[in-house]
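Step one of this worksheet: look at the structure below.
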Amino acid sequence: SPDPLQLMTIAAPAIHDVAKRGPSPYVEFVKQQPLGAISFVIIVLMMFAGIFSPLVAPYDPLTIDFASILAAPSWEHWCGTDAYGRDIFSRIIYGSRTALVIGFTSSFVGSTIGAVLGVASAYFGGRIDAWIQRFIDVLLAFPIIVLALVVVAAVRSSVLFDIDVNLIIAIAIPILPRVERVVRAAALSVRFM
């Protein structure tokens, strides 16, 4: 059988290394960015509720109940009911699916196109850079809401998997110029180093 003193001397450096490491990076993030941590928890809860909405929602969001029209919040209906007697809490849970898909998709599309335009603008330079920058200036000239309304009105309505593609485009376009400017500036700084 091994000597207990020998086991303690083998285990001592490992214990010392654990104590030297310090707090977890997750704990550090929560300390430095409490709002970011709270936002992350809310988004994860929304994703969980959206994915498992048939299991989480207490009622069917489309069931009309004329007996409980405009009911106040109660233990039966946590957020009350609407003008058709539908449970508002259940409708919020089911609506989180659409909100998250539209939010993530439009952010991804706007950021990707903006990054591609920014890199292309910095890489090619000259006339191509000038043309891309004038296009970005035009997009930045409009207020975000006006630009989104113009896109929704101009583009033909199309629905894919029960999600309005126009809405994704309308949210992605205002993201595009801001990402393009940041990526172009970063690419130019790397190019001329």
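SER96: among the small types (Gly, Ala, Ser), closer than 21 Å to ASP164 by Cβ, part of a helix (DSSP H, G or I) and touching a Gly at 6+ places or on another chain (Cβ under 8 Å), yes or no?
Numbers: among the small types (Gly, Ala, Ser): yes; closer than 21 Å to ASP164 by Cβ: yes; part of a helix (DSSP H, G or I): yes; touching a Gly at 6+ places or on another chain (Cβ under 8 Å): yes.
When the stated conditions are applied, SER96 passes them.
Has the range 37-52 got any residue that is among the aromatic types (Phe, Trp, Tyr), open to solvent by 90 Å² or more (accessible area, probe 1.4 Å) and either at pLDDT below 90 or in contact with a Gly (Cβ under 7 Å, 6 or more places away or on another chain) (or both)?
At the first step, the residues of the range 37-52 found to be among the aromatic types (Phe, Trp, Tyr) are 40, 48, 52.
Then keep just the ones that are open to solvent by 90 Å² or more (accessible area, probe 1.4 Å); that gives 40, 48.
Narrowing further to those that are either at pLDDT below 90 or in contact with a Gly (Cβ under 7 Å, 6 or more places away or on another chain) (or both): none.
Within the range 37-52, not a single residue is among the aromatic types (Phe, Trp, Tyr), open to solvent by 90 Å² or more (accessible area, probe 1.4 Å) and either at pLDDT below 90 or in contact with a Gly (Cβ under 7 Å, 6 or more places away or on another chain) (or both).
Looking at the range 127-159, which of the residues that are among the small types (Gly, Ala, Ser) and open to solvent by 60 Å² or more (accessible area, probe 1.4 Å) is farthest from VAL179 (Cα to Cα)? Break it down into steps so the answer makes sense when it comes.
Step one: of the range 127-159, the residues among the small types (Gly, Ala, Ser) are 130, 141, 148, 153-154, 157-158.
So of that shortlist, the ones also open to solvent by 60 Å² or more (accessible area, probe 1.4 Å) come out as 141, 153-154, 157.
Values: ALA141: 15, ALA153: 24, ALA154: 23, SER157: 26 Å.
Top of the filtered list is SER157.
Each row is one residue, and each column tells you yes or no for (1) in a loop (DSSP other than H, G, I, E, B); (2) free of Cβ contacts under 8 Å to residues at least 60 places away in the same chain; (3) under 19 Å from ILE102 (Cα atoms).
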| site | (1), (2), (3) |
| --- | --- |
| ILE128 | no, yes, no |
| ARG134 | no, yes, no |
| ASP137 | no, yes, no |
| ALA148 | no, yes, yes |
| ALA153 | no, yes, yes |
| ARG156 | yes, yes, yes |
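Go through the residues of the range 19-34 one by one and say whether even a single one is of a type outside the set (Phe, Trp, Tyr) and touching a Phe, Trp or Tyr at 6+ places or on another chain (Cβ under 8 Å).
From the range 19-34, those of a type outside the set (Phe, Trp, Tyr) are 19-25, 27-28, 30-34; that's our starting set.
Next, from what is left, pick out any that are touching a Phe, Trp or Tyr at 6+ places or on another chain (Cβ under 8 Å): none.
The answer is no; no qualifying residue exists.
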Discussion item. Yes or no: the range 144-158 includes at least one residue that is modelled with pLDDT of 90 or more and of a type in the set (A, V, I, L, M, F, W, C).
Written reply: no
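So which residues in the range 55-78 are within 11 Å of SER90 (Cα to Cα), open to solvent by 70 Å² or more (accessible area, probe 1.4 Å) and not hydroxyl-bearing (Ser, Thr, Tyr)?
Taking the range 55-78 first, the residues within 11 Å of SER90 (Cα to Cα) are 55-63, 77-78.
Retained after the next criterion (residues that are open to solvent by 70 Å² or more (accessible area, probe 1.4 Å)): 55, 58-60, 62-63, 78.
Scanning the range 55-78 gives LEU55, PRO58, ASP60, LEU62, TRP78.
The values are calculated or read from the model by the stated rules, or taken from the named source; none is laboratory data. As the structure is a computational prediction, the values presented were derived from the model and not from experiment. Neighbour counts run over all protein chains shown; Cβ positions are idealised from the backbone, glycine included. The accessibility values were calculated without ligands, DNA or RNA, using every heavy atom of the protein model including side chains. Shrake-Rupley method; radii C 1.70, N 1.55, O 1.52, S 1.80 Å.
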